Amino acid sequence: MVAATKLEQENHQRDADFSKAMHGQVNETGYFAGFMGKDKAASAEAAKEYFKHWDGFEDGNETEEEKQKRLAEYATLTRHYYNLATDLYENGWGQSFHFCRFYPGEAFNQAIARHEHFLALKMGIKPGMHVLDVGCGVGGPAREIARFSDCKITGLNNNDYQIARATMYAHKAGLSNQLRFAKGDFMQMSFEENSFDAVYAIEATVHAPSLAGVYGQIFKVLKPGGVFGVYEWLMTENYDDSDADHRRIRRGIELGDGIAQMVRIEECIKALKTVGFEIEYQEDLADRPDPIPWYYPLAGNMKYCASLSDIFTIGRMTWVGRTLAHYLVGALETVGVAPQGARKAADSLATAADALVEGGEKKLFTPMYLAVARKPANP
Ligand SMILES: CC(C)=CCC[C@@H](C)[C@H]1CC[C@H]2C3=C(CC[C@]12C)[C@@]1(C)CC[C@H](O)C[C@@H]1CC3
């Protein structure tokens, strides 16, 4: 299935050169050193390339031409989003770039890992299987699922900095024999057809300009009879595109999270079926009656505070926490310690957080629509 959007020509050398110029040597020490050591001109370029698609369109109103341009350039947009956001994510969230459900009293990292195990379990990933992780980030889920299921995983990623970090972490964890990471655009995969036993995507395919486009690529590289599992970011059936408030929330999520265009649940299901998948399981996990909502770490509401570490997790998202972060990052940028565009990137993450919480509270949005689908044995 080929997407209607005309795709950008891949240029791996250009991307590798840019990544090296912006991020320099990948370090193991963590966020702070990495964040401070960025090249200023390259950081400014990443911010310019990313925000040119959004400045002036914050309310969600734009021409069809502008929208098409953003969709056509989604690969560059996403790559630069993660050039700007990866260190902030790692520092502020961890190495698994996704949401999860929370049980009362459960530690954050445990809940994140459980969400990954749940997907592996629902898909039936078995020891020795060769699995593809589409949009693998810095490899947090791949490391967890490789250990949990004893499988081999290839992580596909469009961002060289994330690949370098994922490779470094896999080596550190002693998992280099089970994990490998490949650079590439998930809309034009170069893996051999029918080569993976299973494919999963955790909150990643939302970056695609067309779900049918990326699901079609996944279908192509899966072996006949192989399984695909996805946690998809989607607008729910409550979302009404003619409602300006709903559009504002959707745009806040798109702008702050590097998403060219987000669609509704029904479009996801249609896309899976259109490319040939047979759906075996589908559920919006955000719809379960959980006492602690998936968005609690972003809500800045002390009523969700259940442990010592929650004081920091929640505190930084309160008005005071955000104001401090805004001025601190701004000051560091002004004196040339933090990279150019750091404040704008941090502010847009705060916008994203607000929109995600509002979308979650109003049940307009889900980051965990779970679908498990199979490529027929005789497609
Ligand atoms: C973008 C996609 C498709 C997935 C990533 C989901 C989440 C891991 C991120 C969505 C919003 C992010 C924010 C942060 C971390 C990563 C997310 C939760 C911060 C908490 C990082 C620290 C900053 O100070 C505030 C950020 C708010 C948004």
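The values are calculated or read from the model by the stated rules, or taken from the named source; none is laboratory data. On a predicted model such as this, the values are computed, not experimentally measured, just so you know. For neighbour counting, all protein chains shown are included, and Cβ atoms are generated from backbone atoms with ideal geometry for every residue, glycine included. The accessibility values were calculated without ligands, DNA or RNA, using every heavy atom of the protein model including side chains. Shrake-Rupley method; radii C 1.70, N 1.55, O 1.52, S 1.80 Å.
Considering only protein heavy atoms and a 1.4 Å probe, what is the carbon-and-sulfur percentage of the accessible area of the chain?
54
Put a dot 7 Å past each Cα toward the Cβ at H130 and R180; how far apart are the dots in nm?
Taking the simple label geometry, R180 and H130 are separated by 0.9 nm.
If I model a spin label at M168 and R316 as a point 7 Å from the Cα along the Cα→Cβ vector, what separation in nanometres do I get?
Result for the modelled spin labels: 1.8 nm.
Charges at C-beta only: +1 for Lys and Arg, -1 for Asp and Glu. How large is the resulting dipole of the chain about its Cα centre, in Debye rounded to 20?
Using only the charged Cβ atoms, the result is roughly 860 debye.
Which peptide among 225-238, 123-136, 298-311, 47-60 comes first, and what is the full order, when sorted by highest mean count of other Cβ atoms within 10 Å?
Highest to lowest by the protection proxy: 225-238, 123-136, 47-60, 298-311.
Once phi is turned into ³J(HN,Hα) by the Karplus curve 6.51 cos²θ - 1.76 cosθ + 1.60 with θ = phi - 60°, what whole-Hz value does each residue of segment 307-312 show in order, with x for glycine and proline?
Running phi through 6.51 cos²θ - 1.76 cosθ + 1.60 with θ = phi - 60° gives 8, 4, 5, 5, 4, 6 Hz.
What length, rounded to one decimal in nm, is gained on full extension from E65 through to N301, with 0.36 nm per residue of separation minus their alpha-carbon distance?
Once the chain is fully extended between E65 and N301, it gains 81.0 nm.
Hey, with R₀ at 56 Å, roughly what FRET efficiency would E237 and N11 work out to, going by the Cβ-Cβ distance, to 0.05?
0.90
Within 14 Å, Cβ to Cβ, of A111, how many net charges do the neighbouring residues add up to if Lys/Arg are +1 and Asp/Glu are -1?
With Lys, Arg at +1 and Asp, Glu at -1, the net is -2.
Averaged per residue, what accessible area in Å² does the chain show with a 1.4 Å probe, protein chains only?
Heavy-atom SASA per residue in the chain reads 42 Å².
Positive end of the charge dipole of segment 262-361 (Lys, Arg +1 and Asp, Glu -1 on Cβ, about the Cα centre): tell me which of P297, V337, L349 has its Cα farthest that way.
V337
Taking amide H positions as placed 1.01 Å from N in the peptide plane, with prolines and chain starts having none, which residues 5 or more places from E280, or on another chain, fall under 5 Å of its amide H?
For E280, the qualifying residues are V372, A373, R374.
What 222 nm value per residue comes from the helices of the chain, counting each DSSP H run with n ≥ 4 as -39,500 (n - 2.57) and dividing by all residues, nearest 500 deg cm²/dmol?
The helix contribution divided over the chain gives -15000 deg cm²/dmol.
Using only the alpha carbons, work out the radius of gyration and Dmax of segment 271-351 in angstrom.
19.0, 56
Indicate the gyration tensor shape class of the chain (rounded, prolate or oblate), computed on the Cα atoms with a ≥ b ≥ c the square roots of the eigenvalues: a/c under 1.5 is rounded; otherwise a/b larger than b/c is prolate and the rest oblate.
Note, shape of the chain comes out rounded.
With contacts defined as alpha carbon pairs under 8 Å and 6 or more residues apart, what's the relative contact order of segment 136-179 in percent?
Rounded, it is 51 percent for segment 136-179.
List the residues, sorted by chain then number, that are 5 or more residues from C100 or on another chain and whose placed amide H is less than 5 Å from its amide H.
none
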